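Chemist: Dropping a structure here in structure tokens format, bear with me for questions.
Read the figures in this text as sums done on the coordinates, not as results from a lab. A quick note: this is a predicted structure, and the numbers were derived from the prediction, not measured. Note that we place each Cβ from the backbone using ideal geometry, even for glycine, and neighbour counts take in every protein chain shown.
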Amino acid sequence: MSEDEKIKLEKDQRYWLQNRELRGSSKVIFNCLKGAYDNRLSTLKYKKPTKAKVRRLAPAAFATLPAAIRHTLESRNCTVPQANDNASPHNVICGEFLRKGQKDWAVLCSHDGTTSILIFWNGSTSKITKLSPSRDDDWFQSFGTEYGFSREIMVAGKKQIEAYHDFAKQFADEPDLPPITHDGIDQFFVNKASSVLYYYQGQWLTLSGAD
């Protein structure tokens, strides 16, 4: 091979190597750009949840609510907030929260961004107990592309309270239950957990709920 041929061959080899490096770099750049594009596309497809308004019902929406209680709620400017995933009117309950045989009412009352449980003992409006006040914002969770209110109350009977307690004992040391002689109030953070409010010897106890 002549000297000129050797020089040409070396030039051809350098050219090939340089192009191979460029092709490799281009591939890296392409992959980086593709990754950025895919991330951007994913961001465009998924809209972050935005704060939603709480769906609220007027006390008059609950036909079974005694008139005196309804009027008291209205005078307090109460509305009844509704959990996002429950279309039926709720958060107004009737149970035996003090003693067996006594019909008491519990209502989730929302006013000025704060929600509390109001207890009307024996259906009377002369003495009202206010429980667990908290900001409405504390009860929001994400439902796809929006936030929804997630606080809900239900009646917890003796069997339900004991079942909650037996289940909790499998995973932690639980104090003994007081004598369960009447209903409690099952307070839910929907799709997450609950706790039971139980009146005993002049005070409200917080017992294990759903988990």
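Chemist: With the convex hull built on the Cα atoms of the range 89-146, state its orientation-averaged projected area in nm².
Modeler: Working: hull surface 21.2 nm².
About 5.3 nm², averaged over all directions.
Chemist: How big is the charge dipole of the range 78-211 about its Cα centre, in debye rounded to the nearest 20, if each Lys and Arg gets +1 on its Cβ and each Asp and Glu gets -1 on its Cβ?
Modeler: Details: 11 positive and 17 negative charges, 108 e Å.
So the dipole magnitude of the range 78-211 works out to roughly 520 debye.
Chemist: Apply the Karplus curve 6.51 cos²θ - 1.76 cosθ + 1.60, θ = phi - 60°, to the phi angles in the range 90-103 and return the couplings in whole Hz, x for Gly and Pro.
Modeler: 8, 6, 10, 10, 10, x, 9, 8, 10, 8, 5, x, 9, 8
Chemist: Scan the range 117-211 for trypsin sites (Lys or Arg not before Pro) in coil per DSSP, keeping those whose Cβ has at most 12 other Cβ atoms within 10 Å, and list them by number. Please report the intermediate quantities before stating the final value.
Modeler: Details: sites: LYS127, LYS130, ARG135, ARG151, LYS158, LYS159, LYS169, LYS192; in loops: LYS127, LYS192.
Those satisfying the criteria are LYS127, LYS192.
Chemist: Amide H neighbours of ARG55 under 5 Å, at least 5 residues apart or on other chains, H built in the peptide plane: list them.
Modeler: Placed amide hydrogens put GLN82, PHE149 under 5 Å from ARG55.
Chemist: Which of PRO133, PHE149, ILE180 sits closest to the plus end of the dipole of the range 102-182, meaning its Cα is farthest towards the positive end, when Lys and Arg get +1 and Asp and Glu get -1 on the C-beta?
Modeler: Of the listed residues, the answer is ILE180.
Chemist: While we're here: In the neighborhood of SER110, defined by Cβ-to-Cβ distances under 14 Å, what is the net charge if each Lys or Arg adds +1 and each Asp or Glu adds -1?
Modeler: Values: positive: LYS53, ARG55, ARG56, ARG76, LYS130, ARG135, ARG151; negative: GLU74, ASP112, ASP136, ASP137, ASP138, GLU152.
Taking every Cβ under 14 Å from that of SER110, the sum is +1.
Chemist: Mean shadow of the range 56-208, computed from the convex hull of its alpha carbons, in nm²?
Modeler: Mean orientational projected area (the range 56-208, Cα hull): 9.8 nm².
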